[in-house]
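The values are calculated or read from the model by the stated rules, or taken from the named source; none is laboratory data. Since this is a predicted model, take the numbers as computed values, not measurements. Neighbour counts are summed over all protein chains in view; Cβ atoms, including those assigned to glycine, are modelled from backbone coordinates with ideal geometry.
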Amino acid sequence: MRKKTIVGLVIATSLILIGAIIFGGVMMTLDWDFTKLATVKYETNSYDITESFKNIKIMTDTTDVVFVKSEKIKVVCREESKVLHSVNVEGDTLVIEEIYTKKWYENIGINFGTPKITVYISEGEYGNLTIKTSTGDTDIPKGFTFENIDITQTTGSVKCLASSNGDIKIKTSTGSIKVENITAGLLDLKVSTGNINATKVECVGDFLVNVSTGKVKLENVKCNDIISSGDTGDITLKNVIADEKIDLKRSTGDVKFNGCDASELIILTDTGDVKGTLLSDKVFILKTDTGSIKVPETVSGGKCKITTDTGDIKIEIK
């Protein structure tokens, strides 16, 4: 090995060791608490709400949003010192909106924290709920009913246990959606990458489920129409009843039924099996290019059309 190469390696190794020693010394003085290295400062601000309101509108960027049942109405924001939120009642709407005062170079730094908006409101009925965020989770517990719910976010999961007299629309690009013990007029759930779970749901209107990559699980659901489309991922239905139609489309993924029924079923999948149990006789219209078919020889009932390119079709009637 050349002498210059050896000298270079010795210097590089020495610098690494010196850096490690300095880093270790600094961390010892900080009790190895890495959060103390953060350059982003947070503060907690509380806003008491004395004015009456009907609707709630939240517009923010990188923030978790949580609702809590409370007799005292207030909003508590854990927020960056230069990314604060305004909290005001405008007309009949409680508006929570981000105020961004950062310079571009102030985005360079170390951040271990997550901003959070906590909305404390009393249990009961409200008007429209609108939440728009870029990054962050949203959590709405049971005990609230809204006229309409509209949640849109880019990255983050949504858990909604609140009901609606009208529409519930939840859309997230990356993250999961969970709804449970709710009633709604129309229920519309969309996710690009993530799972959708709906349990104990009743809709007067339709239930729309769209997922690009991820699994869908529906359990104890009753709606007018259930319409779902997706690219990659299984869809599982247990005790799911549609008054009119169940329409499911998948590119890659299995379709599984357990004690489900509808006046009409239309199932289309490119790569995946279609299996399970239905509750009443059907007139079966079936097609599979590569796969086996096993269904009851019934000649009455609603239409059940199942088409798959690669996959088996196996249906039983309970």
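For the range 283-310, give me each residue that is part of a loop (DSSP other than H, G, I, E, B), surrounded by 14 or more Cβ atoms within 10 Å (Cβ to Cβ) and modelled with pLDDT of 90 or more.
Within the range 283-310, Val295, Gly301 meet the criteria.
Restricting to the range 264-311, give me the number of residues that are among the acidic types (Asp, Glu), under 25 Å from Glu219 (Cα atoms) and within 31 Å of the chain's Cα centre (by Cα).
First, the residues of the range 264-311 that are among the acidic types (Asp, Glu): 264, 270, 273, 281, 289, 297, 309.
Among the residues that remain, those that are also under 25 Å from Glu219 (Cα atoms) are: 264, 270, 273, 281.
Filter again for within 31 Å of the chain's Cα centre (by Cα), leaving 264, 270, 273.
Going through the range 264-311 one residue at a time, the tally reaches 3.
For the range 189-210, name all the residues that are assigned to a strand (DSSP E or B) and closer than 16 Å to Ile246 by Cβ.
In the first step, residues of the range 189-210 are kept if they are assigned to a strand (DSSP E or B); the result is 189-193, 196-203, 207-210.
Within the range 189-210, Leu189, Ile196, Ala198, Val201, Glu202, Cys203, Phe207, Leu208, Val209, Asn210 meet the criteria.
Just to be sure before I move on: is Ser212 under 29 Å from Thr183 (Cβ atoms), touching a Ser or Thr at 6+ places or on another chain (Cβ under 7 Å), without any contact (Cβ under 8 Å) to a residue 40 or more places away in the chain and hydroxyl-bearing (Ser, Thr, Tyr) in the structure I sent? I'd like the intermediate steps shown before the answer.
Values: under 29 Å from Thr183 (Cβ atoms): yes; touching a Ser or Thr at 6+ places or on another chain (Cβ under 7 Å): yes; without any contact (Cβ under 8 Å) to a residue 40 or more places away in the chain: yes; hydroxyl-bearing (Ser, Thr, Tyr): yes.
So Ser212 passes the test.
Within the range 166-185, restricting attention to residues that are assigned to a loop (DSSP other than H, G, I, E, B) and crowded, with 19+ Cβ neighbours inside 10 Å, which residue is nearest to the chain's Cα centre (by Cα)?
Filtering the range 166-185 down to residues assigned to a loop (DSSP other than H, G, I, E, B) leaves 166, 175-176, 185.
Subsequent filtering for residues that are crowded, with 19+ Cβ neighbours inside 10 Å retains 175-176.
Values: Gly175: 5, Ser176: 3 Å.
Among them, the one singled out is Ser176.
Keeping to the range 85-109, report how many residues are modelled with pLDDT under 85 and in a strand (DSSP E or B). Step through it out loud before you land on a result.
Applying the first criterion (modelled with pLDDT under 85) to the range 85-109 yields 99-109.
From the residues that got through so far, the ones that are in a strand (DSSP E or B) too are 99-100.
Of the residues in that region, 2 qualify.
Among (1) farther than 30 Å from Thr154 by Cα; (2) surrounded by 10 or more Cβ atoms within 10 Å (Cβ to Cβ); (3) at pLDDT below 65, which single condition is Ala38 missing?
Just one mismatch for Ala38, condition (1).
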